[in-house]
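Colleague: There's a structure below that I have some questions on.
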Amino acid sequence: MELIRTVAELRARTAAARGRGLSIGLVPTMGAFHEGHLSLMRRARNDDGLVVVSLFVNPAQFGREEDLERYPRDLERDAALAAEVGVDVLFTPEAHEVYPSGFATYIHVEGLGEILEGASRPGHFRGVATVVAKLFQMAGPDRAYFGQKDYQQLRVIQRMAIDLDFSVKVVPLPIVREPDGLAMSSRNVYLSPEARAQATVLSRALREVAAAAAAGERDVGVLEAQALATIANAPLARTDYATIVDAKTLAPLTLLDREAVLLLAVRFGSTRLIDNTVLTPHSSIR
Ligand code: PAF
């Protein structure tokens, strides 16, 4: 596996691969790899000729109060894991390589980028959309792989790719969970043992609501109340939102009459967890 730090080197490497007729798969990450990341890399390895993983803790998507400084970083461990699953290129640029001095251009996805996580974390999706667009420009991928755990992020990126005519295919992949149901996340390491034990209420709430929907409950208010009641069983949990919205537009619903998604954002102390499940008449947690 090659470690590349500059855009010029990355371009040379992808151009050479393309010249040999290889497709390019990009897995954008911020590092601290877990099975969720590795599942994206394995899929890219399966589908593409050249697999590029970007590892960049993007300052533009962190708010002033957020955890940029304490975000987990371990390049050696991440590089070993990426090499193990057959990644060809680990692209780890410095901040000045991505945002040269005088940087002033941002992408703002109206609507989708402003609600839910966008409302709780102002500027977050502007930072995500901007860096992902830049990574698309730098790597020129045929396919780019994203986990469904960051469901709204996935929708924002899909919208941006359509609106700005990126030819890349955005490939969503399912949430990977710990054996007890907790969705894998780089932020799980911040949870105290007590909070970690209680954090399983998120996946329990998703499972229970999916089961109720599959059993025929269509009243979104009832289903949301059920999610809130389950989460309330965890004394340390503080719910930011537990909401059922249209799976594509993320518009609020009152009746479960189409494909929808239950989105959860719950704080345990200073750690904020998100999770979701898609709801269909016969849904179950995936
Ligand atoms: O999901 C992430 O890790 C980040 O938001 C992404 C997509 C790599 C952009 O920095």
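Colleague: Can you tell me which residues in region 170-195 are more than 16 Å from the ligand (Cβ to nearest atom) and of a type outside the set (S, T, N, Q)?
Modeller: So in region 170-195, the residues more than 16 Å from the ligand (Cβ to nearest atom) come out as 177-182, 191-195.
The answer is ARG177, GLU178, PRO179, ASP180, GLY181, LEU182, LEU191, PRO193, GLU194, ALA195.
Colleague: Would you be able to tell me the number of residues in region 18-29 that are surrounded by fewer than 19 Cβ atoms within 10 Å (Cβ to Cβ) and out of contact with any Leu (no Cβ under 6 Å at 6 or more places or on another chain)?
Modeller: Residues that pass the stated criteria total 5.
Colleague: Is region 273-280 home to any residue that is modelled with pLDDT under 95 and either open to solvent by 10 Å² or more (accessible area, probe 1.4 Å) or of a type outside the set (Asp, Glu) (or both)?
Modeller: The first filter runs over region 273-280 and keeps only residues modelled with pLDDT under 95, leaving 280.
Checking the rest, the ones that are also either open to solvent by 10 Å² or more (accessible area, probe 1.4 Å) or of a type outside the set (Asp, Glu) (or both) come to 280.
Yes; the residues of region 273-280 include at least one that is modelled with pLDDT under 95 and either open to solvent by 10 Å² or more (accessible area, probe 1.4 Å) or of a type outside the set (Asp, Glu) (or both).
Colleague: Let me ask something else about it. Could you tell me whether region 98-112 includes any residue that is under 16 Å from SER54 (Cβ atoms), among the hydrophobic types (A, V, I, L, M, F, W, C) and surrounded by 19 or more Cβ atoms within 10 Å (Cβ to Cβ)?
Modeller: Checking region 98-112: at least one residue is under 16 Å from SER54 (Cβ atoms), among the hydrophobic types (A, V, I, L, M, F, W, C) and surrounded by 19 or more Cβ atoms within 10 Å (Cβ to Cβ).
Colleague: A further question on this structure: Name the residues in region 40-62 that are open to solvent by less than 30 Å² (accessible area, probe 1.4 Å) and either assigned to a helix (DSSP H, G or I) or within 14 Å of the ligand (Cβ to nearest atom) (or both), would you?
Modeller: If the condition is that a residue be open to solvent by less than 30 Å² (accessible area, probe 1.4 Å) and either assigned to a helix (DSSP H, G or I) or within 14 Å of the ligand (Cβ to nearest atom) (or both), then LEU40, MET41, ALA44, VAL52, VAL53, SER54, LEU55, PHE56, VAL57, ASN58, GLN61, PHE62 are the ones that fit.
Colleague: If only one of PRO93, PRO100 is part of a loop (DSSP other than H, G, I, E, B) and either within 16 Å of the ligand (Cβ to nearest atom) or among the polar types (S, T, N, Q) (or both), which one is it?
Modeller: It is PRO93.
Colleague: A follow-up question, please. Would you check which residues across region 233-246 are within 25 Å of the chain's Cα centre (by Cα) and under 22 Å from THR271 (Cα atoms) and list them?
Modeller: Within region 233-246, ALA234, LEU236, ALA237, ARG238, THR239, ASP240, TYR241, ALA242, THR243 qualify.
Colleague: Pick from region 108-131 the residues that are farther than 11 Å from MET160 by Cα and within 15 Å of the chain's Cα centre (by Cα): which of them is nearest to the ligand (Cβ to nearest atom)?
Modeller: VAL131
Colleague: If you go through region 65-78 one residue at a time, do you hit one that is within 15 Å of the ligand (Cβ to nearest atom), farther than 24 Å from LEU173 by Cα and open to solvent by less than 30 Å² (accessible area, probe 1.4 Å)?
Modeller: Checking region 65-78: at least one residue is within 15 Å of the ligand (Cβ to nearest atom), farther than 24 Å from LEU173 by Cα and open to solvent by less than 30 Å² (accessible area, probe 1.4 Å).
Colleague: Okay, next question. So is ILE231 free of Cβ contacts under 8 Å to residues at least 60 places away in the same chain and in contact with a Ser or Thr (Cβ under 6 Å, 6 or more places away or on another chain) or not?
Modeller: So ILE231 passes the test.
The values are calculated or read from the model by the stated rules, or taken from the named source; none is laboratory data. All values reported here derive from a predicted model rather than from experimental measurement. When we count neighbours, we look across all protein chains shown, and the Cβ atoms used for this are built from the backbone with ideal geometry, even at glycine. Keep in mind that these areas ignore ligands, DNA and RNA; they rest on the heavy atoms of the full protein, side chains included. Shrake-Rupley method; radii C 1.70, N 1.55, O 1.52, S 1.80 Å.
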